[in-house]
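**Q** Have a look at this one before I ask anything.
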Amino acid sequence: MKYPSLLISSFSLLLALSASNLHAEEHEQHGAHEHGVATLAVAVGTEGVEITLESPAANIVGFEHVPTSDADKETLDDAVKKLEAGDELFTLNPEAECQLQDTEVLSALLGDEVSAEHEHQQEAEAAHNDMDIAWSYACAKPTELKEVAVKLFAAFPNGFQHIKAEWVTEKGASAMELTQDTTLTLTQ
Ligand SMILES: [Zn+2]
């Protein structure tokens with residue numbers, strides 16, 4: 001997994017937390033992901049905030065195979081555009097003066113569409129596939145970031161049923177289970 005420019009001290013802590021959570025889940029579910037469920041992580045650092053989402057592709061695109069039909073390709077394309085419009089998915093309180101700098105979307109659905117490698121494509125078609133998204137914000141006053149409104153349920157009404165949200169700031173870390181759009185209140 002590759003993360004863009006905003007490398008921040010608290011983020012490595014978050015990665016460690018995420019890694020241990022993932023490990024536990026893999027044991028519980030024997031490696032399978034659960035449709036409707038996703039993990040959202042918010043990491044506030046000294047220069048900005050990084051929001052990451054790990055989700056089965058089904059929650060976002062409605063399918064998990066590598067698209068071959070024009071209709072499926074268009075659906076995937078629309079989903080990526082929706083993800084890249086981060087301001088429609090999250091609202092950060094304006095006092096922090098954050099600007100979305102970059103959105104990275106990683107998925108076998110996209111990789112195979114680009115490389116079009118036949119054998120690999122067949123494997124990906126048979127598998128369950130995730131989408132991992134990272135939104136990087138630069139903030140003029142990151143310590144003023146107190147609230148992150150999550151609007152993923154409204155944006156993908158047929159996708160998400162349950163989002164595990166966790167966040168880390170210089171002052172602490174916490175987590176919350178979301179079943180509808182909610183504003184996360186950060187400890188700063
Ligand atoms: Zn799946």
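**Q** Is it true that some residue in segment 173-180 is among the β-branched types (Val, Ile, Thr) and within 14 Å of VAL42 (Cα to Cα)?
**A** Within segment 173-180 (the criterion being among the β-branched types (Val, Ile, Thr) and within 14 Å of VAL42 (Cα to Cα)), the answer is no, since none of the residues qualifies.
**Q** Taking segment 50-75 only, how many residues are surrounded by fewer than 22 Cβ atoms within 10 Å (Cβ to Cβ) and of a type in the set (A, V, I, L, M)?
**A** Count: 2.
**Q** Sticking with this one: Select from segment 149-163 the residues that are in contact (Cβ under 8 Å) with a residue 24 or more places away in the chain and over 15 Å from GLU34 (Cα atoms) and list them in ascending order. I'd like the intermediate steps shown before the answer.
**A** Kept after step one, since they are in contact (Cβ under 8 Å) with a residue 24 or more places away in the chain, are these residues of segment 149-163: 149-156, 158-163.
Across segment 149-163, the qualifying residues are ALA149, VAL150, LYS151, LEU152, PHE153, ALA154, ALA155, PHE156.
**Q** Any residue at all in segment 6-19 that is in contact with a strand residue (DSSP E or B) (Cβ under 8 Å, 6 or more places away or on another chain), farther than 21 Å from ALA154 by Cβ, modelled with pLDDT under 95 and assigned to a loop (DSSP other than H, G, I, E, B)?
**A** From segment 6-19, those in contact with a strand residue (DSSP E or B) (Cβ under 8 Å, 6 or more places away or on another chain) are 6, 8, 10-11, 13-14, 17-18; that's our starting set.
Imposing the further condition that a residue be farther than 21 Å from ALA154 by Cβ reduces the set to 6, 8, 10-11, 13-14, 17-18.
If we keep only those that are modelled with pLDDT under 95 too, we end up with 6, 8, 10-11, 13-14, 17-18.
Narrowing further to those that are assigned to a loop (DSSP other than H, G, I, E, B): 6, 8.
Yes, segment 6-19 contains at least one residue that is in contact with a strand residue (DSSP E or B) (Cβ under 8 Å, 6 or more places away or on another chain), farther than 21 Å from ALA154 by Cβ, modelled with pLDDT under 95 and assigned to a loop (DSSP other than H, G, I, E, B).
**Q** Test of understanding: among ALA138, ALA79, ALA108, ALA134, which residue is within 20 Å of the chain's Cα centre (by Cα), modelled with pLDDT of 95 or more and within 16 Å of the ligand (Cβ to nearest atom)?
**A** Numbers: ALA138 fails: within 16 Å of the ligand (Cβ to nearest atom); ALA108 fails: modelled with pLDDT of 95 or more; ALA134 fails: within 16 Å of the ligand (Cβ to nearest atom).
Residue meeting the stated conditions: ALA79.
**Q** Can I ask one more? Can you run down the residue pairs with Cβ atoms below 6 Å, 6 or more apart or on separate chains, where the first is in segment 87-100 and under 20 Å from PHE153 (Cβ atoms) and hydroxyl-bearing (Ser, Thr, Tyr) and the partner is surrounded by 13 or more Cβ atoms within 10 Å (Cβ to Cβ) and modelled with pLDDT of 95 or more?
**A** Once the first residue is under 20 Å from PHE153 (Cβ atoms) and hydroxyl-bearing (Ser, Thr, Tyr) and sits in segment 87-100, its partners that are surrounded by 13 or more Cβ atoms within 10 Å (Cβ to Cβ) and modelled with pLDDT of 95 or more give THR91/ALA149.
**Q** Starting from residues that are closer than 16 Å to GLY86 by Cβ and part of a strand (DSSP E or B), keep the ones in segment 141-162 and report whichever is nearest to the ligand (Cβ to nearest atom).
**A** VAL150
**Q** Between residues in segment 169-188 that are over 14 Å from GLU147 (Cα atoms) and residues that are small (Gly, Ala, Ser), which pairs lie under 7 Å by C-beta distance while being six or more apart or on different chains?
**A** GLU170/SER10; LEU178/ALA165
**Q** Moving to a separate point now. Just the residues that are outside any loop (DSSP other than H, G, I, E, B) and in contact with a Ser or Thr (Cβ under 9 Å, 6 or more places away or on another chain), please, taken from segment 171-184.
**A** If the condition is that a residue be outside any loop (DSSP other than H, G, I, E, B) and in contact with a Ser or Thr (Cβ under 9 Å, 6 or more places away or on another chain), then GLY172, ALA173, SER174, MET176, THR183, LEU184 are the ones that fit.
The values are calculated or read from the model by the stated rules, or taken from the named source; none is laboratory data. Bear in mind the structure is a predicted one, so any value in this text is a computation, not a measurement. Using ideal geometry, Cβ is built from the backbone for each residue, glycine included, and neighbour counts are taken over all protein chains shown.
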